[in-house]
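**Student:** Have a look at this one before I ask anything.
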Amino acid sequence: MSRVVRAVHDSPQHRLQLIADPQRFRLLSELACSDHRVNELSRLLGEPQNLVSYHLRELRDAGLVSSRRSSSDGRDSYYRVDLERCAEVLATAGTGLDPGLQLSPAPPRLPPDNGRISRVLFLCTGNSARSQMAEALLERLSEHAIRADSAGSHPKPLHPNAVRVMARRDIDLSRQRSKHLDSFAGTHFDQVITLCDKVREVCPEFPGQPITAHWSIPDPAAAAPTDEGAYPAFEAVAADIELRVRRLIARISAT
């Protein structure tokens, strides 16, 4: 690829054209709510899988989506959208027209007096790290306006590194205990979010037909430790979950 062609391909105008395409915009809209496999996106859009794969490849080359191998079935990959990159493309295009067109997100509108507006359940396999961090972050960042719970299909003791990375965020997980997802059978939730590819395959149905979503997040406990007992994988997962939780709060508040 020549320098001129590469510059055009990497330009804000080119990335804006990618987003503006109706099929790609629909793909990004679906991925904004949940991570998906190609066959699921094909079914949601009602389009052939090879066409969906083509659009995903274009979006991935532009850095607007990424993929990771499923921890449940290595033959599958989950796609996720980089909403921050999409926002950057839109903002850059606006300021390219006029510097005064700087976009800034509106703050979430949370109810006064800590009135609850939603109840969310996070699920993973062990309920020892990912789902516990998501539960704590949603409660803290929503100022307890959203009630969060978590559970696992095969509960394990809380991982000490999950406690450590949350402590850096002034959140104390040390008194939390792992729970089996059966303990919430019959409980009404507004949303049920799986954070583990394996538990997504065995997630039971909950009453009231809650909104379901999947965040394909790797198990930080599977990563090898580095020197001095530091676990960068836990910090990376905590940062990823925090980013997704902030988006979730904004979506719930908007509705």
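So that you can scan it fast, the table gives a plain yes or no per residue for (1) touching a Gly at 6+ places or on another chain (Cβ under 7 Å); (2) in a loop (DSSP other than H, G, I, E, B); (3) modelled with pLDDT of 95 or more; (4) among the basic types (Lys, Arg):
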site	(1), (2), (3), (4)
GLU135	no, no, yes, no
LEU138	no, no, yes, no
ARG175	no, yes, no, yes
THR212	no, no, yes, no
PRO218	no, yes, no, no
ALA233	no, no, no, no
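Here is a yes/no grid of residues against (1) open to solvent by less than 10 Å² (accessible area, probe 1.4 Å); (2) touching a His at 6+ places or on another chain (Cβ under 7 Å); (3) modelled with pLDDT under 95; (4) in a loop (DSSP other than H, G, I, E, B):
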residue: SER72; (1), (2), (3), (4): no, no, yes, yes
residue: GLU84; (1), (2), (3), (4): no, no, yes, no
residue: ALA91; (1), (2), (3), (4): no, no, yes, no
residue: ALA106; (1), (2), (3), (4): no, no, yes, yes
residue: ARG116; (1), (2), (3), (4): no, no, yes, yes
residue: ALA151; (1), (2), (3), (4): yes, yes, no, no
residue: SER178; (1), (2), (3), (4): no, no, no, yes
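**Student:** What is the one condition in (1) within 22 Å of ASP35 (Cβ to Cβ); (2) exposed (fewer than 13 other Cβ atoms within 10 Å of the Cβ) that ASP172 does not satisfy?
**Tutor:** The single condition ASP172 does not satisfy is (1).
**Student:** Here are GLU228, GLU242, GLU205: which of them is out of contact with any Gly (no Cβ under 7 Å at 6 or more places or on another chain) and modelled with pLDDT of 95 or more?
**Tutor:** None of the others qualify; the one that does is GLU242.
**Student:** Also: So, of the residues in segment 180-219 that are under 23 Å from THR255 (Cβ atoms) and touching a His at 6+ places or on another chain (Cβ under 6 Å), which turns out to be most open to solvent (accessible area, probe 1.4 Å)?
**Tutor:** GLY208
**Student:** State all residues of segment 153-169 that are hydrophobic (A, V, I, L, M, F, W, C), crowded, with 19+ Cβ neighbours inside 10 Å and either assigned to a helix (DSSP H, G or I) or in contact (Cβ under 8 Å) with a residue 60 or more places away in the chain (or both); if no residue qualifies, say none.
**Tutor:** Answer for segment 153-169, where residues must be hydrophobic (A, V, I, L, M, F, W, C), crowded, with 19+ Cβ neighbours inside 10 Å and either assigned to a helix (DSSP H, G or I) or in contact (Cβ under 8 Å) with a residue 60 or more places away in the chain (or both): ALA162, VAL163, VAL165, MET166.
**Student:** Which of the residues belonging to segment 183-210 are within 16 Å of the chain's Cα centre (by Cα), among the hydrophobic types (A, V, I, L, M, F, W, C) and not in a helix (DSSP H, G or I)?
**Tutor:** Passing the criteria: VAL192, ILE193, LEU195, CYS196.
**Student:** Mind listing whichever residues of segment 31-50 are open to solvent by 60 Å² or more (accessible area, probe 1.4 Å) and either assigned to a helix (DSSP H, G or I) or modelled with pLDDT under 90 (or both)?
**Tutor:** CYS33, ASN39, ARG43, LEU44, GLN49, ASN50
**Student:** Looking at (1) closer than 27 Å to GLY74 by Cα; (2) without any contact (Cβ under 8 Å) to a residue 40 or more places away in the chain; (3) of a type in the set (S, T, N, Q), which one does SER183 not meet, given that it meets all the others?
**Tutor:** Unmet condition: (1).
The values are calculated or read from the model by the stated rules, or taken from the named source; none is laboratory data. Note that the coordinates shown come from a computational prediction; the quantities given were computed from them, not determined experimentally. Every residue, glycine among them, receives a Cβ derived from its backbone with ideal geometry; neighbour counts consider all protein chains shown. Heavy atoms of the whole protein, side chains included, go into the accessibility calculation; ligands, DNA and RNA do not. Shrake-Rupley method; radii C 1.70, N 1.55, O 1.52, S 1.80 Å.
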